[in-house]
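The values are calculated or read from the model by the stated rules, or taken from the named source; none is laboratory data. Worth saying up front: this structure is predicted, and the values here are computed from it rather than measured. Methodologically, a virtual Cβ is constructed for each residue, glycine included, from the backbone with ideal geometry; neighbour enumeration extends over all protein chains shown. What goes into the accessible areas is simple: the full protein's heavy atoms, side chains included, and nothing from ligands, DNA or RNA. Shrake-Rupley method; radii C 1.70, N 1.55, O 1.52, S 1.80 Å.
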Amino acid sequence: MRHPIRVALGAATLALTAALAPGQTRAETLNYAIIGEPPSLDIQMGTATLATTIGQHVFETLYAFDSKTEPQPMLVESETISEDGRTIVMQLRQGVPFHNGQEMKAADVAASLVRWGEFGARGASMGFQSAEATGDYEVTLKLKEPNGAWKSFLAFPNGGPTIYPADLVTAAGGEPLKPENYIGTGPYRFVEWRPNRHVELEKFEDYAARTEPSDASAGAKEAVIETLRFIPVPDVGTRVSGIQAGDYDYAEYISGDLFGMLKDDPAMKPYISDAPIFGLMFMNSQEGYLAGNYEMRQAILAALNMTEALQVSVGDEELWDAQGSFFPEGSIWHTEAGIERYSEGDVEKAAQMAKDAGYDGTTLTLLVSTNYQQHFDQANVFKRQLADAGINLELNVTDWATLLKERGEPQSWDLFMTHHGPAPDPVLLTFMNDSYPGWWTSTEKTELAATLNESTDPAVREEAWAKIQQLVYEQIPAVKVGDVFSFDVGAPGLETAWDRAPAFPYFWGATK
Amino acid sequence: MWAYVLRRTGAAAVTLAAASVIIFIFIHLIPGDPIAVLLGDQATPDQVDALRARLGLDEPLVLQYFYWVGSALQGDLGRSIFFDTPVTTVIAEGAETSLLLATITMIWVILIGIPVGVVAAMRQGTWVDQGLSGAAMLMASVPTFWVGLYLILIFAAGLGWFPSSGYPSVFEEGDVSNLRYLVLPSLALAAPNAALILRLTRASMLDVSKEDYVRTARAKGISPRRVTLRHILRNALLVVVSAFGFTFAALISEAVVTETVFALPGIGRTVVQSILRRDYPVIQGVILVIVSLYLVINLLVDISYRFLDPRVEFE
């Protein structure tokens, strides 16, 4: 037995000496601690935030949002629109190389748009009739109906029309691109994806930047940091300690209860999100007790006190705002229409409304996942508040994958909890989509949505949206919980191009 | 001995076949849809159905099972739905971390558990024994994630001696100093396991020390030190060694909490993440590999008895 012990001792000594040896320095690398493994970076095909955060460094869209959320040209140079608003002719920039060395041409753009229109996560809502290359650098889009939000659609990277080389995107069809085919035009190029380890990007030396000054996602994008490494670190405590230890330069989604402790910590810099995420409690408009039962829905809304729900689920007051408008103040879409019904928290009124609606004590089922602690906390607060108003709510608690499946079955739920990221245009809100679970349709909605979708006059569209928000507070396809600002932390030496974290943090223009 | 090994291998194959059926059935019994997870919140039912058909997930379960077993027999465990890479690659990615972590942890467990267990047994009933046994109880009771987070706070964020998390491959980067990434996680993981081995060693030593041959040895005037090491410890180790095998297998398959806290790319985390994503091929593949691992370790432990105790015969 002595021999193996000696071997074991030797190995342990080796491990210890090795452990104490100085590590390699990794200059020019930004280590970003992400909350989990991202799904495919083919961001045409999915709407996961993580995939967009990473993918936007590699892939570009034809337009990009500036700091006022207005779409500005990115890969296009200029465009002309026909009188009827259905034909758009775009002139592309010349001399923009893909990461494989080929120049981006009209054929690549047309193929990418065609694939996105057919299979893309948000492609169907664009209403393409055709997208064709009508010259080396000219693409002609034909729409089935005029679309007031067409430029925003082409600018939003999340599930949006990123541009790939024609051969790759045509071959991929409805399947996500394979990692070896992650070829874009962005300031960083894809290097490798190691499951559970990292996704690595490196500076693309031949990147063709625009000449306009950098402005959020629009304008010139300059990669200063050589390598970006996105590392899944599932435990929030480890993400924070990793910043303190100098292992990470940026860590996302720090829990709200740590905010008070960390905001004054000299070892890190907090970045509160600039783009609120809001909880949504959807109601089933297709089947069950609440389908078409607007009076009962209003009774439920009247019982809910969102301040309580946000205090419990988020914590620090700097990180939430109990406001009922679907767009924050400052956005051109912000409107107060209908929000007097938001967060009334009046149980007596609610009880009376339920009685008037003929409520018979039916137990309503709320589908909620524990993968998102905030959803679960908010659901529990709502259950309590509704009970006070005499409305019976039963929680069906599952994991997220089960919830995604079950919410697709209209017979198995009355309400479900989810959340919504910032949208640049109201047409991108999930409840505007008739086929999104909840399946909200009504003649009023259809009429107003037609104006919103088809008008190209901003004033007409803003007015239509205000009426829709009013309608949302009457027909209640979903209840807005409130704005939640996530917060991230960065190492003290990191200089980013922004002070408040954008919805998808980007690192062109960043230095360390 | 070879006949014995052959017989045991045959039995193992039957166990493996049964396990494969059970794994397959249970995994597909969980509700949830990998495609919905993959395509995200906004995917339409048509898009989900189309991708499901392309990946063959709409075929009858029985057919899917036979496809899976058929390719598994040829060493192909299928492709991960989520990563779109072969399952064998996903497992190989996790295997290095898990094997190294388990090995280093076992070194701590042996270095701490056995000697301290021997000392506690030799000083049975004294304050030394009480103190060591008490410490062992504490280590066995404290949750690993708590120990892990404190190790990170003190030795990574505070003193800066070790990295806080992650593990860059030793082999790929050709840098042995990357083992420093595994020091804190292995200590966190070793704490409860060393405590168990300590208690097992102590109890087993006390049992053996009551045997007649120990009394005889002492009566013959052999030095107490020699009696303890040669006569008691060697026999007591029989029990401890069988615990080693399962401890090692458990360290590979059940280190998920430690892997999560330290953001290690190990097998435990891979399987839990895959369950959450319903990445069926990866779950099936990893569990199949873990079952095989248990069978092999079990066999090796049985064979090792023969070398520790010449009286054991292979029947």
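The figures follow:
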| read-out | value |
| --- | --- |
| Rounded to 5, percent antiparallel among DSSP beta bridges of chain A | 75 |
| Accessible carbon and sulfur surface of the range B:258-315 relative to its total accessible area, %, 1.4 Å | 67 |
| Quotient of Cα Rg and 2.2 N^0.38 Å for the range A:364-512, N being how many residues it contains | 1.29 |
| Rg/Rh ratio calculated on Cα atoms of the range A:214-253 (Kirkwood radius) | 1.11 |
| Hydrodynamic radius of the range B:78-174 per Kirkwood, over alpha carbon pairs, in Å | 17.0 |
| MRE, 222 nm, helices only [DSSP H, n ≥ 4, -39500 (n - 2.57), over chain A, to nearest 500] | -8500 deg cm²/dmol |
| From the C-alpha gyration tensor of the range A:182-229, square roots of 5λ in Å | 23, 10, 9 |
| Qualifying lysines (Cα of each under 17 Å from Cα of A:K445; at least 8 residues distant if same chain) | A:K467 |
| Complex-versus-alone comparison for the range A:389-410, residues with a loss of 30 Å² or more in accessible area, probe 1.4 Å | A:D399, A:A401, A:T402, A:L404, A:K405 |
| Coordinate range along principal axes, alpha carbons of chain B, Å, largest first | 84, 57, 37 |
| Residues in the range B:27-47 occluded by at least 50 Å² - accessible area, probe radius 1.4 Å, against chain by itself | B:L39, B:D41, B:Q42, B:Q47 |
| Given charges at Cβ of Lys, Arg, Asp, Glu: the range A:359-486 dipole, positive-most of A:G482, A:F431, A:L452 | A:G482 |
| For the range A:49-153, convex hull volume per residue from C-alpha positions, Å³ | 114 |
| Electrostatic dipole magnitude of chain B [Cβ: Lys, Arg +1; Asp, Glu -1; Cα centre; debye, to 20] | 1880 |
| Over the range A:376-464: Rg over Rh, Cα atoms, Kirkwood Rh | 1.06 |
| CD proxy at 222 nm, helix term only [per DSSP H run n ≥ 4: -39500 (n - 2.57); per residue of chain B; nearest 500] | -23000 deg cm²/dmol |
| Dimensionless Rg ratio for the range B:134-214, taking C-alpha atoms and the 2.2 N^0.38 Å reference | 1.52 |
| Reference-scaled alpha-carbon Rg (2.2 N^0.38 Å with N residues) for the range B:14-167 | 1.61 |
| Radius of gyration and Dmax over the Cα atoms of the range B:1-91, both given in Å | 17.0, 61 |
| HN-Hα J in Hz across the range B:197-210 - Karplus 6.51, -1.76, 1.60, θ = phi - 60°, x for Gly and Pro | 5, 4, 5, 5, 4, 4, 5, 5, 4, 5, 4, 5, 5, 8 |
| Inter-chain Cβ neighbour average for residues B:152-165, partner chain, 10 Å | 6 |
| Length added when fully stretched, B:W2-B:T216, from 0.36 nm per residue minus Cα-Cα | 73.4 nm |
| Heavy-atom accessible surface that A and B bury in contact, both chains counted, 1.4 Å, Å² to 100 | 5000 |
| For the range A:384-414 and the range B:47-94, distance of Cα centres in Å | 32 |
| Stretchable slack from B:D309 to B:V176, in nm (0.36 nm times residue separation minus alpha-carbon distance) | 44.2 nm |
| Distance between the range A:158-200 and the range A:444-488 - C-alpha centres, whole angstrom | 33 |
| At least 50 Å² accessible surface lost relative to isolated chain, residues of the range B:231-268 (1.4 Å probe) | B:P265 |
| Convex hull per residue volume in Å³, alpha carbons only, for the range B:171-249 | 124 |
| Over the protein assembly as shown: Rg over Rh, Cα atoms, Kirkwood Rh | 1.03 |
| Distance histogram for the range A:284-340 (every C-alpha pair counted, 5 angstrom bins, percent rounded to whole numbers) | 4, 16, 16, 17, 20, 17, 7, 2 |
| Probe 1.4 Å, protein heavy atoms only - accessible area per residue of the protein assembly as shown in square angstrom | 42 |
| Convex hull of Cα atoms in the range A:144-290, direction-averaged projection (nm²) | 15.2 |
| Accessible-area composition of the range B:138-210, carbon plus sulfur, in percent [1.4 Å probe] | 67 |
| Kirkwood-Stokes translational diffusion coefficient of the range B:180-315, alpha-carbon pairs, 4 °C, 1.567 mPa s, µm²/s | 73 |
| The range B:260-312 - charge dipole about Cα centre, Lys and Arg +1 at Cβ, Asp and Glu -1, debye rounded to 20 | 120 |
| Cα-Cα pairs of the range A:242-323 separated by more than 20 Å (percent) | 53 |
| Shape parameters for the range A:300-399, alpha-carbon atoms, Rg then Dmax in Å | 14.8, 43 |
